[in-house]
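Only one structure is covered here, and it is reproduced in the block below.
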Amino acid sequence: MHSMLKITFSCFILIAALADLHGDEDVKLVVADLGLGLNCAKVKVFSGTSLLFESTLTDLPSGVGAFHTDPNQPKGLAIAVASGSCIYVYKNLRPYFKFTLPPLKINAVEQDLWAQVREDKIDLAMLKEMLKNLRTTEGDSLSLRSLRFLTLTPPEMEPFIDLHKDVILKRETVITCMSTLKKSLAEEHAVSCPVIGTENCEIYVLDPEAFTILTKMNLPNVPVLTDASGLFDVDFRIIVSCRNGMICMLKRNSTEAKIIIKLTSHAVGLVRVNKNIVLGCMDETLSCYTHKGKKQWVLQLSAAVVAINLLDHKARGFQAVLVALANSEVQVYQDNVLVDSIQTQDVVTGICFGRYGREENTLIMTTKGGGLVIKILKRTAVFEKDKAHVPSARQVSRLQVPKKTKLYVDQMLREQENATAMHRVFQSDLFRLRLTTARAYASALEQSLAPVSNSVSQKLQLNAMVQGMGPTFKLTVHLKNTSSNCPLFDLFVVFCYDERLYSFPKAFFKAPMLIPGVNYPFEVLLESCDSGGASDVIKVFVCRHGWSSPIITAHVSMPACERLPL
């Protein structure tokens, strides 16, 4: 690719879409400018290097798309900009329609509290305390006004109440992502439906003509990336990446999402290539899955993934994935093979490929410093696979599988004839093994010999060992918190022993807070009091303040004391 032009902005921009807005085959560039401060977000339309249109947004944009709205006028696209809880639709570079998400249900207790504020029946300190308790019990069901009030200092509360107490209380959600879905025809100029995801864990499909909600589907978590395919009136698939790292699929006539992939790292970008899903994740990997969630391949990249998009060369039937990395490099992958690499002057944060102006194959990139770089694909360009990734002849050669021997055939026939009897013997032996294991475990619990905590909430390991020949011994106790992220505190280590045989300086001590994954050793010196050198078992208990039974126990078998003759 060779560079066509570079435009520099004074702020970050979000690459949006390439759209033929007037139906004259002159594709325009639609970008959403995030701005540098409050109320500075704008949507801009460029033709080449010229700014054709600019409109200020009331909130930060979360998605931009272009779609057809009228089946009787196939030429000309409308622009949809998602900002806050609204979608602003522009047609012919003029404001056309504004769609607002339906308000959410308000908590009855919260509504009653603000009604008391309106009638001056409640103190501000009491209002803040009750809203704080309501947030603890109800979670994120409070309105934005209540959440804003909880962050105010006492001098700021009175002006805030005077400004908002007479305003009707509303609870709104915001749009997190947006895409488009063909409605009834798969043609290029067919009518498309906007598909939006909300902070309230819902997906809406809108009617492109009346801008009403055609269907609403629920998700297990907040959507952040969407990709829609198919036809809404026939059959469709919506792939959604959620904020908790799950990839879900939504189908026609289904209101609940089906979880198909559980990622170990959060997704940065999602691209659908034919029937596969390509994901760029935060652990510097690029992975491919089928629509059923089966992993195809995983690539470890040289840097963190910033953005990905699809490169679709329709004239040659070539499809690849564009991956922008944090080391200022853009890589092109066909399947799991690197076919091209582009070095940029700054980190690319947004990437798009398609027709721009009258050029069919144009690569548009936005950089971290606010720049916009446009490159045109050469008509003589040839994409060749990297030889380092091409499998060797030994890898592609077929394995020499040995022929079936007579012993193998006889054994297979025996298993087929006696399959039922062999399965019964296996089940009988398995039940015997489980019974023996259960009896041994129950015996260990009764005798308090197992140094493992039997409480789910207290994941603790205890190990005790003794050193020395007497009459002075050193008893070392090791404590380890095996939980993932929960520290343990208020623990006491208690020694149970025969006072006629041993003498401890302290029969118990308080353990410090145990950090997960750290081994804590404690050393105690004890004396043998018996003149004959008799030995016994010392029991070690780990207790917690207020608990009637120990959390974990261990037994230490003391050696016989060897006394030197006088």
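The values are calculated or read from the model by the stated rules, or taken from the named source; none is laboratory data. Model, not experiment: these values are computed from the prediction. For neighbour counting, all protein chains shown are included, and Cβ atoms are generated from backbone atoms with ideal geometry for every residue, glycine included. Quick note on the areas: whole protein, heavy atoms, side chains included, nothing else; ligands and nucleic acids left out. Shrake-Rupley method; radii C 1.70, N 1.55, O 1.52, S 1.80 Å.
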- Item | Net charge contributed by nearby residues that have their C-beta within less than 12 Å of G245 (K/R +1, D/E -1) | +1
- Message: Taking θ = phi - 60°, what integer Hz values does the Karplus form 6.51 cos²θ - 1.76 cosθ + 1.60 yield along region 277-292, in sequence order, with x for Gly and Pro?
- Response: 10, 9, 10, x, 10, 6, 8, 6, 10, 10, 10, 10, 10, 7, 5, 8
- Query: Can you pull the percent of region 127-281's accessible area that's carbon plus sulfur, 1.4 Å probe, other chains left in place?
  - Reply: 50
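Cβ under 13 Å from L325's Cβ, L325 left aside: what net charge do those residues give with Lys, Arg +1 and Asp, Glu -1? It would help to have the intermediate numbers written out before the result.
Numbers: positive: K368; negative: E284, E329, D346.
Net charge in that neighbourhood comes out at -2.
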- Sorted on mean Cβ neighbours within 10 Å (highest first), peptides 464-475, 229-240 come out as 229-240, 464-475
- Return the label of the correct value of P(r) over Cα pairs in 20 Å bins from 0, in percent, as calculated from the structure shown, out of (i) 15, 27, 19, 25, 14, 1; (ii) 15, 33, 28, 20, 4, 0; (iii) 19, 45, 24, 11, 1. (ii)
- Which of rounded, prolate, oblate describes region 288-345, given a ≥ b ≥ c as roots of the alpha-carbon gyration tensor eigenvalues and a/c under 1.5 marking rounded, otherwise prolate only if a/b is larger than b/c? oblate
- Item | Peptides 205-212, 398-405 ordered by average Cβ neighbours within 10 Å, highest first | 205-212, 398-405
- At what distance in angstrom do the alpha carbon centres of region 27-85 and region 95-143 lie from each other? 33
- Message: For V306, what residues show an amide H to amide H distance below 5 Å, using hydrogens built from the backbone and excluding near sequence neighbours?
- Response: A324, L325, A326
- Once phi is turned into ³J(HN,Hα) by the Karplus curve 6.51 cos²θ - 1.76 cosθ + 1.60 with θ = phi - 60°, what whole-Hz value does each residue of region 234-249 show in order, with x for glycine and proline? 10, 7, 8, 10, 10, 8, 10, 9, 9, 5, 8, x, 9, 9, 10, 10
- Calc'd 3J(HN,Hα), region 335-343, phi into Karplus 6.51 cos²θ - 1.76 cosθ + 1.60 (θ = phi - 60°), Hz, glycine/Pro = x, comes to 6, 10, 10, 7, 10, 6, 8, 10, 9
- Message: Loop only by DSSP, 11 or fewer other Cβ within 10 Å of the Cβ. Give me the GluC sites (Glu not before Pro) in region 97-160 that pass, ordered by residue number.
- Response: E119
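What is the sum of charges around C288, taking Lys and Arg as +1, Asp and Glu as -1, for the other residues whose C-beta is under 12 Å from the C-beta of C288? Before the final figure, lay out each step's value.
Details: positive: R272, K275, K294, K295; negative: D335.
Local charge sum for C288: +3.
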- Task: Using only the Cα atoms of region 152-259, build the gyration tensor, take square roots of its eigenvalues as a ≥ b ≥ c, and label the shape rounded, prolate or oblate: rounded if a/c is under 1.5, else prolate if a/b is larger than b/c, else oblate.
- Result: prolate
- Message: Given a 1.4 angstrom probe, what's the average accessible area per residue across region 254-338, in square angstrom?
- Response: 47
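Listed here are the pairs K121/K165; K128/K165; K105/K216; K262/K480; K91/K258; K170/K262; which of them are more than 24 Å apart at the Cα? Before the final figure, lay out each step's value.
Details: K121/K165 12 Å; K128/K165 14 Å; K105/K216 16 Å; K262/K480 30 Å; K91/K258 36 Å; K170/K262 35 Å.
In this structure, K262/K480; K91/K258; K170/K262 lie more than 24 Å apart at Cα.
For region 72-167, what does the alpha-carbon gyration tensor say about shape, rounded, prolate or oblate, given a ≥ b ≥ c as the root eigenvalues, a/c under 1.5 as rounded, and a/b over b/c as prolate? Please list the in-between numbers first.
On the way: a/c = 3.34, a/b = 2.68, b/c = 1.24.
Prolate, since a/c reaches 1.5 and a/b exceeds b/c.
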- Out of residues 5 or more away from A17 or on other chains, whose amide H comes under 5 Å of its own, with H placed 1.01 Å from N in the peptide plane? V30
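Tell me the mean residue ellipticity at 222 nm calculated for the chain from its helices only (DSSP H runs of n ≥ 4, each -39500 (n - 2.57), averaged over every residue, nearest 500).
Numbers: 7 runs with 88 residues, N = 566.
Per the formula, -5000 deg cm²/dmol.
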- Sequence-distant or interchain residues sharing an amide H contact under 5 Å with I261, placed H: which? I247
- Query: Which FRET efficiency value, to the nearest 0.05, do you get for S443 and E256 by plugging their Cβ-Cβ distance into 1/(1 + (r/R0)^6) with R0 = 41 Å?
  - Reply: 0.30
